[in-house]
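The structure under discussion appears below in the form of structure tokens.
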Amino acid sequence: MAERCAIVGVGQTHHAKVIEVSLAGLLRQAGERALEDAQMTWKDIDAVVIGTAPDQFEGVMMPELYLADALGCAGKPIMRVHTAGSVGGSTAVVASHLVSSGVREKVLTIAFEKQSEGDTTWGLSGGRSGGVGAGGYFAPHIRAYIDRSAAPEYVGWMVAVKDRKNALKNPYAHLKIPDITLEMVRDSPMVWEPVRRLESCPTSDGACALVLTNEKHADAKRDFKPAWVHATAVRSELGQFPGRDPVNPQGGQDTAADVYRQAGITDPLNDVDVVECYVPFSWYEPMWMENLGFAPVGEGWKLTETGETEMSGRLPVNPSGGVLSSNPIGASGMLRFAEAAMQVREQAGEHQVDGARTAVGHAYGGAAQFFAMWVVRNEKP
Amino acid sequence: VSRDVAIVSFASTTVPDTDLTETQLLYPVITEAIEQAGIQRNDIQFTCSGSADYLAGAPFAFVSNLEATGAWPPISESHVEMDGAWALYEAWVRLQHGDVDVALTFSSGLSSRSADLRETLVLQLDPYYLSPLWVDQVSIAALQAQAMGRDDTLADLAATEKASRRDGAAAAILVAGDRARELSSRPVWIRGIDHRAEIHYPGMRDLSTSPSTAIAAENVGVGNGAVDVAELHAPYPHQEQILREALKLGDDVAVNPSGGAVAENPAMVAGLIRIGEAFRQVSQNGKRRAVAHATSGPALQQNLVCVLEGE
């Protein structure tokens, strides 16, 4: 790559339902926080890249047009990325490419969703055509995973408890259930067999912002710890055809292999210190552990069962509480990427993983067919 | 600074009202672009597309367009909810890195699916203060014409909008560096590409000018040489006048030999088609230096400018 790309600012809003600010206000809040963190102002920014899930979720078509004013884009370039649920990750990748290509020097990227201003499940169900929502789509894949791997049913409950306990340490997390137990998850209503209510993500609002710069601008900051982008990759595959494996999609495997090659990671479980991974339903933790090469096929659930994915484990997964605790859909992918950066910048506060130097951010979308990942480190590539 | 990137092929289709899906509309167009380029589908290392779910009337409408690319094995791919000109821009950025040489960019849009396209496009406006007024894009364009002191009426512009409404799809293959020279005897080089935005509120800007186009034009060096031909994405006649001024094009510059967007303005595609038509002017009509422009939003809110040159 022509230029090294540094993450110099991270910002996010609280992810509970937000009624006190408009859509533009929500993005502006996240953007301001990221700029403050970067010791920069709106005027310093060369280009803005925004991302969000389908426009129908909020009822605003191509919202970059309306948002241009609030994001200080008069006379500046603004783009809008849309790759379904992976969009927050893909948007961060597009923004990082503006810097790593040498085309721009200082880029602000923001991903968002304001579900309280729309009807997302209506949107996710295909609008007027009706449907079963995202959980209904993914439930058979989860059942297939459980059957194939012979994982005990309580593994899903364990993920649900772990992520909600992690969320208690994250001031921005939406869902906080201090007294959550395996029994509580087990006894929560079955929503889409085998997914129980407490194994599902909430309906959240929120925005996440990153400020990315080239090396020159990152180095110019004094007493400052940026995160450095070591690898990015995106993959897409057809959502349905005979021969595709939706449980362990090839696109996810290829994305992981691509970023590991770029970042020089040969043994992911050992070489990676922390993962922020897109887990909207509990079972996706073990499924993605296998898909991303952290565990052999059929054994991802053992990492969860033995506590290795807890904060104190060998590979903490979603110390932020993850998508299971906050799901502003369009922002959820960027939150994973941002939380990875926060970890290597030692910026994660109570949910900081000690000594995190290499972190992975991951997002997926569509029919588990769109994938985006990055690897960030505390040191330059 | 930038790596040489060329357009080596372009294909498009426009129809007044199609029964086909976007995917069906796209498939032959993408195939034609690939064949024209003399490559195989698996030579493509990056793909970027543009479309708008709202035009199709379904969330995730863009997802099925993957079918037209043959995304198996999985491809490195991105999508912008914008005109295909911005998808081409993202592909150009990706090619700057040096690790990939061949990119496919395409876009599609079905204007005919809306019961009332003008109503649908109202949803592009500020959802709190503008769209509840149902001020549509034709009305804002009419305000713009008035601000210029022209006498185009709302009815004139509405007629232009209705007559230019099309469904469409377009695709281009971009190739970097020496690979472009290997593949094509007449690569058309992207000498510069930039895009800029205006303020959204019609009342907050001078509608009679396009400073964003002027900034982009300056950045890509439109004025650094003679312009033989320009393809400008001006959905209304007065907007061509604004763009000519912003781009500082002399009266001798041939504008929109294709007929331009006043003739055919397929949503999400017309901007990419401008680049494609400019490409054709250089690759087939012997023009040396062409300017292409794409716009998005009401009253030329967002503008992209690129300069294309032959060898």
When the stretch A:60-97 is checked residue by residue, the ones that are more than 19 Å from B:Ile75 (Cα to Cα) and part of a strand (DSSP E or B) are A:Ala74, A:Ile78, A:Met79, A:Arg80
Of all residues in the stretch B:292-308, count the ones that are part of a strand (DSSP E or B) and either more than 15 Å from B:Asn256 (Cβ to Cβ) or out of contact with any Leu (no Cβ under 6 Å at 6 or more places or on another chain) (or both). 10
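Scanning for something at positive phi, over 11 Å from the mean Cα position of the chain (by Cα) and of a type in the set (A, V, I, L, M), does the stretch B:268-278 turn up at least one residue?
Here is the first cut: in the stretch B:268-278, the ones at positive phi are B:268.
Okay, now just the ones that are also over 11 Å from the mean Cα position of the chain (by Cα), so none.
Taking every residue of the stretch B:268-278 in turn, none turns out to be at positive phi, over 11 Å from the mean Cα position of the chain (by Cα) and of a type in the set (A, V, I, L, M).
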In the stretch A:33-67, which residues are in contact with a strand residue (DSSP E or B) (Cβ under 7 Å, 6 or more places away or on another chain), of a type outside the set (Lys, Arg), more than 14 Å from chain B (Cβ to nearest Cβ) and surrounded by fewer than 21 Cβ atoms within 10 Å (Cβ to Cβ)? A:Asp37, A:Met40, A:Asp44
Assess whether B:Ser2 counts as being in contact (Cβ under 8 Å) with a residue 40 or more places away in the chain, more than 14 Å from chain A (Cβ to nearest Cβ) and polar (S, T, N, Q). no
Only one of (1) touching a Lys or Arg at 6+ places or on another chain (Cβ under 9 Å); (2) of a type outside the set (A, V, I, L, M); (3) more than 9 Å from chain A (Cβ to nearest Cβ) is not met by B:Pro74, so which one is it? (3)
How many residues does the stretch B:219-253 hold that are more than 13 Å from B:Cys306 (Cβ to Cβ) and either within 14 Å of chain A (Cβ to nearest Cβ) or in a helix (DSSP H, G or I) (or both)? 12
Between a first residue in the stretch B:188-212 that is at negative phi and a second residue that is among the basic types (Lys, Arg), which pairs have beta carbons less than 6 Å apart while being 6 or more apart in sequence or on different chains? B:Glu198/B:Arg205; B:Ile199/B:Arg205; B:Ser212/B:Arg196
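Can you name the residue in the stretch A:236-253 that is touching a residue at least 40 places away in the same chain (Cβ under 8 Å) and facing another protein chain (nearest Cβ under 7 Å) and is also nearest to A:Glu299 (Cα to Cα) among such residues? Full working, then the answer.
Our first condition is that a residue be touching a residue at least 40 places away in the same chain (Cβ under 8 Å); within the stretch A:236-253, this holds for A:236-240, A:246-249, A:251-253.
Next, only the ones that are facing another protein chain (nearest Cβ under 7 Å) stay: A:236-239, A:251.
Details: A:Ser236: 25, A:Glu237: 24, A:Leu238: 26, A:Gly239: 25, A:Gly251: 20 Å.
Across the stretch A:236-253, the extreme among qualifying residues is A:Gly251.
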Given the stretch B:109-215, what helices (runs of 4 or more DSSP H) lie entirely inside it while holding 2 or more residues that are at pLDDT 95 or above and within 11 Å of chain A (Cβ to nearest Cβ)? B:117-122
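Here's the yes/no breakdown for (1) crowded, with 18+ Cβ neighbours inside 10 Å; (2) in a helix (DSSP H, G or I):
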position	(1), (2)
A:Val99	yes, yes
A:Val107	yes, no
A:Ala111	yes, no
A:His141	yes, yes
A:Ile146	yes, yes
A:Pro152	no, no
A:Ala160	yes, yes
A:Asn166	yes, yes
A:Lys176	no, no
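Has the stretch A:22-42 got any residue that is part of a helix (DSSP H, G or I), more than 29 Å from A:Lys176 (Cβ to Cβ) and not small (Gly, Ala, Ser)?
The first filter runs over the stretch A:22-42 and keeps only residues part of a helix (DSSP H, G or I), leaving A:23-37, A:42.
Keeping just the survivors that are more than 29 Å from A:Lys176 (Cβ to Cβ) gives A:42.
Going one step further and asking which of them are not small (Gly, Ala, Ser), we end up with A:42.
Yes, that holds for at least one residue.
Would the stretch B:84-98 turn up any residue that is under 14 Å from B:Asn265 (Cβ atoms) and crowded, with 22+ Cβ neighbours inside 10 Å?
So in the stretch B:84-98, the residues under 14 Å from B:Asn265 (Cβ atoms) come out as B:84-85.
So of that shortlist, the ones also crowded, with 22+ Cβ neighbours inside 10 Å come out as B:84-85.
The answer is yes; a qualifying residue exists.
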Test of understanding: among A:Ala227, A:Ala256, A:Ala218, A:Ala207, which residue is in contact (Cβ under 8 Å) with a residue 12 or more places away in the chain, touching a Leu at 6+ places or on another chain (Cβ under 6 Å) and away from every other protein chain (no Cβ under 12 Å)? A:Ala207
Residue in the stretch A:132-139 that is assigned to a loop (DSSP other than H, G, I, E, B) and either at the interface with chain B (Cβ under 9 Å from one of its Cβ atoms) or farther than 24 Å from A:Val8 by Cα (or both) present: yes
Hey, among the residues in the stretch B:48-59 that are under 20 Å from B:Glu90 (Cα atoms) and at the interface with another protein chain (Cβ under 8 Å from one of its Cβ atoms), which one's modelled with the lowest pLDDT? B:Asp53
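The values are calculated or read from the model by the stated rules, or taken from the named source; none is laboratory data. Treat the numbers as computed from the prediction; the structure is a model and nothing was measured. No Cβ is skipped: glycine too gets one built from the backbone with ideal geometry, and neighbour counts run over all protein chains shown.
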